[in-house]
Amino acid sequence: MPVTVALSWTELKLFLREPVTVVFTLALPPLVLYVLAEVFGNTPDPQGHVYRGVGAMDYYTPAYIALIIGSFGLIGLPVHVASYRERGVLRRFQAARMPVRAIVVSQLAVLFAAVTAGAVIVVTLAKVTYHVAWPVAWPGVLLAVLVGALAFAAIGVLLGAALPTARAAQGLGVLLWFLMLMVSGGGPPPEVLGGALREVATFTPLKHLIVAVQDPWLGRGINWAELGIVAAILAVAGALAVPTLRKRT
Amino acid sequence: MVEDLRKAYGTVVAVNGVDFTVAEGEIFGILGPNGSGKTTTVECAYGLRKTDAGRIRIFGVDPQEQPDRAAELIGIQLQDSALPDRLKTWEALRLFGELGRRSPGATATASGRATNERDVLEQWGLAEKRNAAFASLSGGQRQRLLVALALVNRPRLVFLDEMTTGLDPAARRDAWHVIQQARQAGTTVVLVTHFMDEAEELCDRICVLSQGRLVAQDTPARLISTYGGGIRVRFDVPDDVALPDWDRLPGLREAHRLKTTVELRGSGSFLTALGAALTTAGLGDTDLSVEQPRLEDVYLRLTNQAEEI
């Protein structure tokens, strides 16, 4: 078994043993989605004002796939990276000449496995309860998920490298998660938010990712502008994350 | 193996011209106070840190130029490093075992690997903890696991940095035993330690670092005879007894008399000559309290001296 596979397998097991991360990526998104569905149902607003003119569940399902990515990037990964740094695990890996490629690939493997599992749970729930439609344009959705996952991976590594401890990372991560959930369109429909909150929302990466996943899902084509913003976030966070992590290992 | 090593962090010179050679099959100790450059020396020798100057060769390989080749020859246990809390003992061994199989020529079948893992767990007294998470292990068990990981791929040379810090006395003895076993199996050991009894017990040779400089290098016994200040003898004599003339004692270095207590310090044939002199003076049944100098005395003397300069 090559080292990369061995490490990925180990990391996957460690992910499943980390309750906070599992709760925020696999349990909370479907739970919140279910509550929202019970409240708002899936009948489109007749005037077409809220939920971008579609039913609440059709709106929320793609948004919650984006939220799962956000959960992993804001809570799971920063806590993991910060605790590895804090505890000297990265130093241990470095000393054992663990290839950097193996470390990066194993984290991405866990990220994509977690996002896939979370998405399957969310979509299954939405299908069974409200017969939510399948994505209109699969390639656009997959592209947005891919770019979004990489962007949040970069954000996660940056937070994990910059914050002093794993506890700090967890505190800040949960705070950011709730903020983004509430203002980025994962909670109240964006149309009902006041002007100031909408301003705040445009600065959250999750807002852009949600729209980038929703548009192709709802048959509105690939939103290149939002996708571009997510890609730019990936570039900036990635460029900051690598030297920060190197300096603080 | 290490020649004129120099390394500075910014303006702080951590290691300033250290030279030493470790012979194959030997247990070599690196001693020194905190901040004396021990860990930096080891990390440079392993290729984890870039050196500023100097030459390092490990079995002919330059770890600065070919860190991956050096890594195949060396195992390392670092100070202040740990494993993920929820990683199980056997998973750690498997993972770090995989790292050693990257090189061509490494042949291990699945069953051979399982046997090796079991052997390592047995050897380190971790067999019962095979399925325990790292976080649930005691300090001693963690340390044993980290040292076991350094040895799992049977390196020719192993660096152990403060291996027994935080262990209870029994666990330390166990760790010593395993180090001796590893050496008998042919592994060269470089031991960084704070503990003089550990160095005295295990090391064939030691070097003492202080403020980035090498202040002494020899076998523990020779260091003690050179820097230990000799044997100290103390005894009580009644006030009115005339004492022999100490100046004629061979090897005498110091003599003090405080009321009824006499304290002498010397080396070589000093002790037997003293016995003879006392017998001649009719003091043959005096109780002598004799103290051998210990490595600790040498260490304190050497590191203090270096600081005074």
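Laboratory data are not the source of any read-out in this text; all were calculated from the coordinates shown. Please read all numbers here as calculations on a predicted model, not as lab measurements. Neighbour counts are summed over all protein chains in view; Cβ atoms, including those assigned to glycine, are modelled from backbone coordinates with ideal geometry.
Label-to-label distance, B:GLU296 versus B:GLU24, with points set 7 angstrom from Cα along the beta-carbon direction: 3.8 nm.
Relative contact order for chain B: what percent, with Cα pairs under 8 Å and sequence separation of 6 or more?
Working: 527 pairs, mean separation 63.2, N = 309.
This gives 20 percent for chain B.
Across the options B:LEU274, B:VAL262, B:GLN292, the greatest Cα extent toward the positive end of the charge dipole of the range B:229-292 (unit charges at beta carbon of Lys, Arg, Asp, Glu) belongs to B:GLN292. Please say if chain B is rounded, prolate or oblate, where rounded means a/c under 1.5 for a ≥ b ≥ c the square roots of the C-alpha gyration tensor eigenvalues, and otherwise the choice is prolate for a/b larger than b/c and oblate otherwise? Prolate, because a/c is 1.5 or more and a/b exceeds b/c.
Are there GluC sites (Glu not before Pro) in the range A:1-96 that DSSP marks as loop and that have at most 16 other Cβ atoms within 10 Å, and which are they?
Numbers: sites: A:GLU11, A:GLU38, A:GLU86; in loops: none.
Here no loop site has a sparse enough neighbourhood.
Any idea what angle helix A:3-16 forms with the longest principal axis of chain A, computed on alpha-carbon atoms, 0 to 90 degrees, nearest 10? Helix A:3-16 sits at roughly 60 degrees to that axis. Only one residue of B:LEU146, B:GLY100, B:ILE224 has its Cα farthest out toward the positive end of the dipole of the protein assembly as shown, where Lys and Arg carry +1 and Asp and Glu -1 on Cβ, and that residue is B:GLY100. In the protein assembly as shown, helices alone account for a calculated mean residue ellipticity at 222 nm of -17000 deg cm²/dmol, with every DSSP H run of four or more residues adding -39,500 (n - 2.57). Among B:TRP124, B:TRP246, the ranking by other beta carbons within 10 Å of each residue's beta carbon, starting with the fewest, stands as B:TRP246, B:TRP124. When chain B is modelled as a GNM with alpha-carbon springs shorter than 10 Å, which of B:VAL147, B:VAL290, B:VAL178 fluctuates the most? Comparing B:VAL147, B:VAL290, B:VAL178 in a Gaussian network model of chain B, the most mobile one is B:VAL290.
Using a simple charge model, +1 on the beta-carbon of Lys and Arg, -1 on the beta-carbon of Asp and Glu, nothing else, what dipole does chain B show about its Cα centre, in debye to the nearest 20? Show your work: numbers first, answer last.
On the way: 36 positive and 43 negative charges, 245 e Å.
It comes to approximately 1180 debye.
Relative contact order, whole percent, for chain A stands at 28, derived from Cα pairs under 8 Å and 6 or more residues apart.
Result for chain B in a Gaussian network model with C-alpha springs under 10 Å: among B:ARG232, B:ARG257, B:ARG118, the largest mean-square fluctuation is at B:ARG257.
Out of the chymotrypsin sites (Phe, Trp or Tyr not before Pro) in the range A:151-243, which ones are loop residues according to DSSP with at most 15 other C-beta atoms within 10 Å? Before the final figure, lay out each step's value.
Numbers: sites: A:PHE152, A:TRP177, A:PHE178, A:PHE203, A:TRP217, A:TRP224; in loops: A:PHE203.
Passing sites in the range A:151-243 are A:PHE203.
For the range A:151-249, rounded, prolate or oblate, judged on the Cα gyration tensor with a ≥ b ≥ c (square roots of eigenvalues), a/c < 1.5 rounded, else prolate if a/b > b/c? Numbers along the way, then the final one.
On the way: a/c = 2.73, a/b = 1.51, b/c = 1.80.
Here the range A:151-249 falls in the oblate category.
Comparing A:ALA113, A:ALA237, A:ALA201 in a Gaussian network model of chain A (Cα springs below 10 Å), the most mobile by mean-square fluctuation is A:ALA113.
With the simple model of a label 7 Å out from the Cα in the direction of the Cβ, A:VAL23 to B:ASP62 spans 5.5 nm.
How high is the relative contact order of the range B:229-292, in percent, counting Cα pairs under 8 Å that sit 6 or more residues apart? Mind dumping the intermediate values first?
On the way: 95 pairs, mean separation 29.4, N = 64.
Relative contact order, the range B:229-292: 46 percent.
In this Cβ point-charge picture (+1 for Lys and Arg, -1 for Asp and Glu), the protein assembly as shown has a dipole of about 1680 debye about its Cα centre.
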